[in-house]
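Let me begin by presenting the structure, written as structure tokens, before commenting on it.
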Amino acid sequence: MAFEGARVLVGDGRVIDRATILVENERLLSIGPATQVREPANVTRIDLSGKTVMPSLIDAHIHIGYENLSSWKAENYTRENVISTLERLAWFGVGAVLSTGSDPIDIADRIVRDQAAGTIGGARFVYAAGFGPPGQGPNAQLLAELAKFPTPVVRGITGEADARQGVREVAARNVRFVKVWVTDRNGTQTKTVPEAYRALIDEAHRHDIRALAHATDSLADAKDLARAGLDGSLHAVPDADAEFAALMKRNNAFLAPTQGFALRGSIPGSEPWFEDPLFRDGTPAATLARYRQQAAAQTPAADAQPLAARLSRVAPMIKTLLAANVRIVVGTDAGAGADYPPGYPVHREMELYTRIGMTPEQVITAATKSGAEALRLDKDLGTLEAGKLASFLVLDADPRTDIRNTRRIARVYLAGKEVDRQTLRATK
């Protein structure tokens, strides 16, 4: 196939105007200006004049399986629901996700292997094994659901020995990421002790596993994790300073600012996110009706901070990280609680990042190239270059002029195959 005439955003800041994209099977065979790409005689031509093409999006922080659009609970974590969610993510233009610490390994591992074998489609699924103090770490709602599984999903660690043993056990299952919660949840939980998370990170690196953290209590925690070699931070560190940024840069680590999940309720200055046309277009009417009913029953607290004020608190962090050239990725935390299903939140998160100081070009890179690097998928995804998978969005408008144009999706291709968006739309 030859996709002709579009403006191509490569994913690393480069732009190719009036491009030809040559695809053979699942890979990009050639990509460049039309005058420089030689097309075979038997090629199928697809005219994309006036369109913008960019790499498929990557969400580096979700919790898959619990949400099924009608309820949110542990019982929903089934093979069928995870696969359905991966297909839904593809509809929204998401090509890969990292589910962070809440996945039963037996189910998740089988899905990963089947997807690698080509028997399952949708967004590429990557998951991290979770660690924290016994019975603690995740938010209270998620902890209650995790308790329903017959074996622990978040592995309890209290010191060096059990941290190292836990990593060895998941390494034997070929898990490539581990996540540790380092938070006391405003005094309601016990926090993972430093000797445990330092051993966890060290042992992870011995097995070529990347170590990630939820560390939201203090900059001191974030710095100590970074000194121990942390590979990724899954939440904002609003008071980040130059020392923290330098430590993250030294580790070649990434940070996901993860704003939208905490900003999904009734907030002054914020429109209901679920009324966005893209979300409505791909969501069952019953789900939308339920969201509207819930929203109508909510009123902001009298002292509630407006959206602009909440975002302004994070803006200095973004400035500090960008100045140090720290890798910023898009992460949504979608699925960590009820009624924020994975898929659309990537687009909302991208808009929020522009509102806290990133340019559209920087956000596009965060959602593509940087995300692929963070997930160890950059050999296949993240940028549109010869040899990589033909996974890309065809947009009706250029997101560099308005990042919300990522929502104006005409087509989605994953590994050379067009996602059947019309079927999902017709059967939602």
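Read-outs throughout are calculated quantities, based only on the coordinates presented, and are distinct from any laboratory measurement. Model, not experiment: these values are computed from the prediction. In this analysis, Cβ positions are derived from the backbone assuming ideal geometry, glycine residues included, and neighbour counts consider all displayed protein chains.
Among Ala308, Ala367, Ala128, which one moves the most in a GNM of the chain with springs linking Cα atoms closer than 10 Å?
Taking springs between Cα atoms under 10 Å, the residue moving most is Ala308.
Would you mind checking the tilt of helix 345-355 against the longest principal axis of the Cα atoms of the chain, expressed as 0 to 90 degrees and rounded to 10?
90
Using the basic label-point model (7 angstrom from Cα toward the beta carbon), what is the Asp114 to Asp208 distance in nanometres?
Output for this residue pair reads 2.7 nm.
Over the chain, what is the percentage of antiparallel beta bridges among all DSSP beta bridges, to the nearest 5?
Percent antiparallel among DSSP bridges in the chain is about 45.
Sequence gap at least 6, Cα distance under 8 Å: using those rules, report the relative contact order of region 163-226 to the nearest whole percent.
Details: 77 pairs, mean separation 25.8, N = 64.
Relative contact order here is 40 percent.
Compute for region 1-144: radius of gyration divided by Kirkwood radius, i.e. Rg/Rh, restricted to C-alpha atoms, rounded to two decimals.
On the way: Rg = 19.6 Å, Rh = 17.7 Å.
Using only Cα positions, Rg/Rh for region 1-144 is 1.11.
Give me the distance between the Cα centres of region 366-428 and region 1-77, rounded to whole Å.
5
Enumerate the aspartates and glutamates that Lys379 could reach by cross-link, defined here as Cα to Cα under 19 Å, with residues fewer than 8 away along the same chain left out.
Result set, ordered by chain and number: Asp12, Glu24, Glu26, Asp59, Asp208, Asp231.
Calculate, axis by axis, the spread of Cα positions in region 76-230 along the three principal axes, and write the results as whole Å, longest axis first.
The Cα atoms of region 76-230 stretch 42, 33, 31 Å along their principal axes.
Could you work out how much longer the chain between Ala301 and Ala41 gets when fully extended? Use 0.36 nm per residue separation minus the Cα distance between them, nm to one decimal. Write out the running numbers ahead of the final one.
Values: separation 260, 0.36 × 260 = 93.60 nm, distance 6.54 nm.
That works out to 87.1 nm of additional length.
Taking a cut-off of 26 Å between Cα atoms, list the lysines near Lys191, but don't count ones fewer than 8 places away on the same chain.
Lys73, Lys148, Lys179, Lys223, Lys249
Springs between alpha-carbon atoms under 10 Å, Gaussian network over the chain: tell me which of Arg327, Arg45, Arg355 tops the mean-square fluctuations.
Looking only at Arg327, Arg45, Arg355, the largest GNM fluctuation is found for Arg45.
Below 8 Å, C-alpha to C-alpha, sequence gap of six or more: please give me the relative contact order for the chain in percent.
With pairs under 8 Å counted, the relative contact order is 21 percent.
Based solely on C-alpha atoms, express the radius of gyration and the Dmax of the chain in angstrom.
Answer for the chain, Rg first and Dmax second: 21.0, 68 Å.
Using all C-alpha to C-alpha distances in region 297-422, build P(r) with 10 Å bins and read off the rounded percent in each one.
Distribution as computed: 11, 34, 37, 14, 3, 0 percent.
For region 173-262, which semi-axes, largest first and in whole Å, follow from the square roots of 5 times the eigenvalues of its Cα gyration tensor? Could you put the intermediate results ahead of the total?
Working: eigenvalues 74, 51, 34 Å².
Working from the Cα gyration tensor, I get semi-axes of 19, 16, 13 Å.
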